[in-house]
Every structure is written in C-alpha cells, then in structure tokens.
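Take a look at the structure below.
The values are calculated or read from the model by the stated rules, or taken from the named source; none is laboratory data. Predicted model, so just to flag it, every value in this text is computed and none were measured. Every residue, glycine among them, receives a Cβ derived from its backbone with ideal geometry; neighbour counts consider all protein chains shown.
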C-alpha cells in the first residue's frame with residue numbers, strides 16, 4: 001500500500017477525476033488531501049506508477065497514476081486501513097493501482113494485502129489539508145479553500 005512519509009495509509013476516491021477532487025466540505029474534513037509545497041516529486045525506487053501534482057481546491061494535491069491521494073481521519077496510527085471500502089468509494093492506494101482515465105479515477109478496487117510497511121510517496125515536503133484549510137502532518141503548510149457542498 002502507499003503511505004505518507006510517516007506511514008499513514010493513502011487512499012483514493014472513485015468519484016474524483018484525474019484532474020479534480022470531488023471531496024469537499026465534510027468529506028475534506030474526514031479525508032484530508034495529500035498536498036505538497038512544490039510541484040516536483042521524486043518517486044521512491046521500485047514505485048512503478050507515476051506521481052504527479054494536480055492544482056485543485058485543496059492546493060497542489062499529489063496523484064498516483066491519475067488518482068488523487070488522501071489520508072483518512074479514522075486512521076490513528078501508521079498502517080491502519082480503516083477507510084478501505086467505505087461507501088464503496090474509498091480504497092487504499094497500492095503500487096499496482098490501475099491508471100485512471102481522463103474522465104474518472106476509474107478504479108473500484110479493494111486492498112487485499114496485509115498491513116505492511118508500505119511504499120512512501122512523500123519526500124517529506126507534504127501536508128494534509130482538510131476543509132478548514134489548516135495543515136496537519138509534517139512538512140510545509142499550504143493554503144486552501146473549500147466548497148460548501150459535501151462531496152458525498
């Protein structure tokens with residue numbers, strides 16, 4: 001599974017498109033987006049997919065093979081996957097995640113692996129930002145704006 005630099009599980013939302021987050025309002029509070037301070041990312045060795053940065057309402061959000069990445073507020077420690085399969089729309093991001101098409105994130109998956117040490121997609125210059133715009137996690141802060149719609 002993909003994780004932050006601190007080992008927190010990363011997820012993707014099937015309602016997102018490759019260029020836009022559908023997670024706003026209370027959704028963004030429960031599912032903070034993974035954002036970076038700069039648009040340059042280095043993938044860890046062995047990660048076969050493509051990391052990219054998408055500018056959206058959350059800031060410079062990290063995507064893996066076209067899937068925007070999030071953490072889950074219900075995970076309290078590294079390696080937890082409490083958000084897996086919620087609403088049949090939230091899934092653990094894995095190194096083998098199928099690339100999203102231009103119109104949709106396209107995958108409905110399921111994490112089938114054991115909670116292991118994961119592949120970190122962060123170089124340390126990241127933060128997670130919820131709908132309040134307040135950064136959490138390690139790395140730099142980022143400003144954001146939020147929509148009043150729930151995104152669910």
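Exactly one of these conditions fails for residue 14: (1) under 23 Å from residue 80 (Cβ atoms); (2) at pLDDT below 90. Give me its number.
Looking at each condition in turn, residue 14 falls short on (2).
Matching residues to (1) more than 11 Å from the chain's Cα centre (by Cα); (2) farther than 20 Å from residue 83 by Cβ:
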residue	(1), (2)
21	no, no
24	yes, no
27	yes, no
33	no, no
38	yes, yes
41	yes, yes
47	yes, yes
60	yes, yes
64	no, no
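Checking residue 142 against (1) at pLDDT 85 or above; (2) over 19 Å from residue 15 (Cα atoms), which single condition isn't satisfied?
Only one criterion is unmet by residue 142, namely (1).
Give me the pairs, please: first residue somewhere in region 16-34 and on the phi > 0 side of the Ramachandran plot and in contact (Cβ under 8 Å) with a residue 60 or more places away in the chain, second residue anywhere and part of a loop (DSSP other than H, G, I, E, B) and surrounded by 23 or more Cβ atoms within 10 Å (Cβ to Cβ), beta-carbon distance under 6 Å, and either six or more positions apart or on two chains.
These pairs meet every condition: 25/131.
Any idea how many residues of region 21-38 are touching a strand residue (DSSP E or B) at 6+ places or on another chain (Cβ under 6 Å) and outside any loop (DSSP other than H, G, I, E, B)?
So the answer is 4.
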